[in-house]
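To keep things clear, I will list the structure first and then write my remarks on it.
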Amino acid sequence: MHAPAAIAPLTEAPPPTWRAELRALAALAAPLIGANLLQMAVFAIDVVFVARLGPTEFAAATLGVFLFNILAFGLIGLVGAAEPLIAASLGRRAGAVRQVRRSFRMAMWLAVLGSAAVMIVLNLAAPLLRLAGQEAVVAARAGAFCRILSLAVLPAVLAALIRLTAAALGRPGWALVVTGLALGIAAFANWCLVFGNAGFPALGLEGSALASVVTSVATFAAYFVILLRDRKLRRFRLLGKWWRAEWSRMVEIARLGSPIALGWMAEGGLFGGAGLLMGLISVTAIDAHAVALNIAAIAFQIPFGLAQAGTIRVGFAYGAGDRAWIRRAGNVAILCGIAVMVLSAFVFWAVPHWLVRVYVDPARDTAVAAMAVQLLGIAAIFQLVDGAQAVAAGVLRGVQDTRVPMLIQVSGYWGAGFGTAVLFGFGMGYGAAGIWWGLAVGLGVVSALLLWRWSARDRLHLMPRTD
């Protein structure tokens, strides 16, 4: 098996100009962005199939996927701390192979331990959702959905860890290949299991959850084969002595990764919490929120890919101790993130009805479609700051600054964002639109503070010493 086209391993000299850094960032980010978009297509396939089952099943899947995503995404943030550590090891060069292997191995241990905890929580989804005030029938159906979906946690997290590691080692192209494979598997599995095609039973909502499990296992299996067969990845012997504990490295990953996980969960929780607030309004509001949020999340995958690439580029420069390179790499990534979100905001303003029509039939689900279009108009505004905060957090991870950014995210999303959502949505009576204005406020506050922290990195002593 030979790897697709990708950038060379990260051992080159620092790019001397902004244009050269832009080319290097694009070479790394392009396959990651493509893989992120394909991953969202995988999620969209699930939404499209389940939406045809009716509003109750759709609402149950929306809540179940929210719970799965926030927990699994947080766990990926925890083990994903291996990414800046690996990049810094490559930047330092001395002993890089051993240090990379140690980081990957202990991140893998954390993935296994964390997945066990997440699976327990997912099996308690029904009572948790009832405590959150959701309708009994919706909570029960979401609980059944999550019990099956819990089997996808470990393979999904391990696949994400391998993907991030391969990108840091100069093989981002594999992410695009494997996610494309996952898209095909997800479409076929949903087609077979949700509606009972090709001789399979029609399992409905449970069939969609089972299709997600099949897709996650197949994705992990593909990455595992890549680790064994790719010649450049084999050079690091990432699976060598997988049983050997490196407790100091595990603590380092947990110290760096726990704030990443909490920050990601705070952001995901803001949007998921908004979904719970929608549940207090109506099932129509939940469904419209799910449609609009899925569209916004697709656009977000571009700056998210830039953030992943920015972490690696800045991390490599940080390991090399090159302050000028750190500044150049971070600023290029942030400017690119802002630019692409300006374009996505324009699309949301220009053709919202076309975007919504992909998910729901306006003639059949008139109320859902109309509300989703209204929410997309608000999403067009917060797109402008969402890209900036995502990439700013990514480049700060590159200099291994995660604790204060996490505090910014938690306070900004839940203090300013969720508080405003409750005030506008219920206190001032703006309903679903008011809740989404709260999302915009939270993202704006976090974006401003993270950008300030990046600009003040020298004064805050975040840069490596030059002596």
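The values are calculated or read from the model by the stated rules, or taken from the named source; none is laboratory data. Predicted model only: the values in this text are computed from it and were never measured. With ideal geometry, Cβ positions are generated from the backbone for all residues, glycine too; neighbour counts draw on all protein chains shown. Side chains included, ligands, DNA and RNA excluded: accessible areas come from the protein's heavy atoms. Shrake-Rupley method; radii C 1.70, N 1.55, O 1.52, S 1.80 Å.
Report relative contact order for the range 249-358 in percent, whole number only (criteria: Cα-Cα under 8 Å, sequence separation at least 6). Walk me through the numbers on the way to the answer.
On the way: 41 pairs, mean separation 24.2, N = 110.
Averaging sequence separation for qualifying contacts and normalising by length gives 22 percent for the range 249-358.
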>> Output needed: percent of Cα pairs per 5 Å distance bin for the range 50-105, bins running from 0 to the one holding the longest distance.
In response: 4, 18, 15, 11, 9, 9, 8, 8, 7, 6, 3, 1
>> Using +1 at the C-beta of Lys and Arg and -1 at the C-beta of Asp and Glu, which of Gly272, Ala288, Ala254 has the Cα lying farthest in the positive direction of the dipole of the range 236-293?
In response: Ala254
>> Would any residue of the range 53-86 have its amide N under 17 Å from a label point 7 Å out along Cα→Cβ of Arg130? List them or say none.
In response: 60, 64
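Please state the charge dipole magnitude for the range 106-232, taken about the Cα centre, from unit charges on C-beta atoms (+1 on K and R, -1 on D and E), reported in debye and rounded to the nearest 20.
On the way: 8 positive and 3 negative charges, 74 e Å.
Roughly 360 debye, rounded to the nearest 20.
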>> Just to check I understand the Karplus step: with θ = phi - 60° and J = 6.51 cos²θ - 1.76 cosθ + 1.60, what whole-Hz values come out for the range 274-288, glycine and proline as x?
In response: 4, x, 5, 4, 4, x, 7, 8, 5, 5, 4, 5, 4, 5, 5
> Toward the positive end of the charge dipole of the range 4-152, about the Cα centre and with charges on Cβ (Lys, Arg +1; Asp, Glu -1), which of Ile76, Val112, Ile45 goes farthest?
Replying inline: Val112
> Taking a 1.4 Å probe, which of His353, His461, His289 shows the most accessible area, and what order do the others take after it?
Replying inline: His461, His353, His289
> For the chain, what number results from the quotient of the Cα radius of gyration and 2.2 N^0.38 Å?
Replying inline: 0.94
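Given a Förster distance of 25 angstrom, what is the FRET efficiency for Ala370 paired with Met428, based on the Cβ-Cβ distance and rounded to 0.05?
On the way: r = 21 Å, r/R0 = 0.84.
Once rounded, the FRET efficiency stands at 0.75.
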> Nearest 20 debye, what's the magnitude of the dipole of the chain about its Cα centre given +1 on Lys and Arg Cβ and -1 on Asp and Glu Cβ?
Replying inline: 2020
>> Tell me which chymotrypsin sites (Phe, Trp or Tyr not before Pro) from the range 170-206 have a DSSP coil assignment and no more than 14 other beta carbons within 10 Å of their own.
In response: none
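Could you look at the range 119-209 and say what percent of its accessible area is carbon and sulfur, using a 1.4 Å probe and all protein chains? Before the final figure, lay out the partial values.
Working: 2440 of 3290 Å².
With neighbouring chains kept in place, the figure for the range 119-209 is 74 percent.
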> In the range 383-467, with Lys and Arg counted as +1 and Asp and Glu as -1 at Cβ, which of these residues, Ala433, Ala393, Val445, has the Cα nearest the positive end of the dipole, that is, farthest along it?
Replying inline: Ala393
> How many nm is it between the label spots at Leu407 and Ala350, if each spot is 7 Å from the Cα in line with the beta carbon?
Replying inline: 4.3
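Subtracting the Cα-Cα distance from 0.36 nm times the residue separation, let me have the gained length for Trp18 to Arg92 in nm, one decimal. Numbers along the way, then the final one.
Details: separation 74, 0.36 × 74 = 26.64 nm, distance 2.21 nm.
Fully extending the segment from Trp18 to Arg92 adds 24.4 nm.
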>> Please give the charge dipole size of the range 214-334, origin at the Cα centre, charges +1 on K and R Cβ atoms and -1 on D and E Cβ atoms. Round to the nearest 20 debye.
In response: 960
> Share of the range 376-467's accessible area from carbon and sulfur, percent, 1.4 Å?
Replying inline: 65
> So how far, in whole Å, is the C-alpha centre of the range 276-354 from the one of the range 434-462?
Replying inline: 14
> When the scattering of the range 89-189 is computed by the Debye formula from its Cα atoms alone, each counted once and equally, what is log10 I(q)/I(0) at q = 0.13, 0.19, 0.23, 0.24 Å⁻¹?
Replying inline: -0.67, -0.99, -1.13, -1.17
> According to a simple spin-label model (label point 7 Å from Cα along Cα-to-Cβ), what is the distance in nm between Ala363 and Phe43?
Replying inline: 3.1
> If we restrict to alpha carbons, what Rg and Dmax does the range 367-421 come to, in Å?
Replying inline: 14.6, 47
> What do the square roots of 5 times the Cα gyration tensor eigenvalues come to for the range 313-467, in whole Å, largest first, as semi-axes of the equivalent ellipsoid?
Replying inline: 36, 19, 10
> Across the range 199-298, how large is the tail of the calculated P(r) beyond 16 Å, expressed as a percent of all Cα pairs?
Replying inline: 78
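List the relative contact order of the chain as a percent without decimals, with contacts defined as Cα pairs under 8 Å and 6+ residues apart. Working shown, then result.
Values: 791 pairs, mean separation 98.8, N = 467.
For the chain, the relative contact order is 21 percent.
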> How large is the accessible surface per residue of the chain, computed with a 1.4 Å probe and reported in Å² as a whole number?
Replying inline: 38
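For the range 300-369, which trypsin sites (Lys or Arg not before Pro) are in a loop by DSSP, counting at most 16 other Cβ atoms within 10 Å? Each step should come with its number before you reach the end.
On the way: sites: Arg313, Arg323, Arg327, Arg328, Arg357, Arg364; in loops: Arg364.
Filter output for the range 300-369: Arg364.
Where the accessible area of the range 58-118 is counted over protein heavy atoms with a 1.4 Å probe, how much of it, in %, is carbon and sulfur?
Numbers: 1210 of 1710 Å².
Roughly 71 percent, rounded to a whole number.
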> Distances over 19 Å make up what percent of all Cα-Cα pairs in the range 113-257?
Replying inline: 63
> Assuming a viscosity of 0.692 mPa s and a temperature of 37 °C, what translational diffusion coefficient in µm² per second does Stokes-Einstein assign to the range 42-82, Rh being the Kirkwood radius over Cα pairs?
Replying inline: 291
